[in-house]
């Protein structure tokens, strides 16, 4: 005689994963047309170039900042760059 009773399998329902369709999100970009887009990108490039200029050349640039910071630590920027003083 077989007394084994198999357990009852319960299927636990999984909740659906939350998702958002792109059609539900409002358009948040700008639409200035070809001229407006060109002016936007031109201004963005001009800003990046001016920031790079200020970082590299204004009042000695990065090397001046590193020089003062490294001098506080007891190092010379010329030693780090490998240059010799005349």
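The values are calculated or read from the model by the stated rules, or taken from the named source; none is laboratory data. From a predicted model like this one, the values you see are computed outputs, not experimental measurements. Because the Cβ atoms are built from the backbone with ideal geometry, glycine has one as well, and the counts that use them run over all protein chains shown.
Observations
- Within the range 9-32, at least one residue is surrounded by 10 or more Cβ atoms within 10 Å (Cβ to Cβ) and without any contact (Cβ under 8 Å) to a residue 40 or more places away in the chain.
- Test result for residue 35, part of a helix (DSSP H, G or I), modelled with pLDDT of 85 or more and over 23 Å from the mean Cα position of the chain (by Cα): yes
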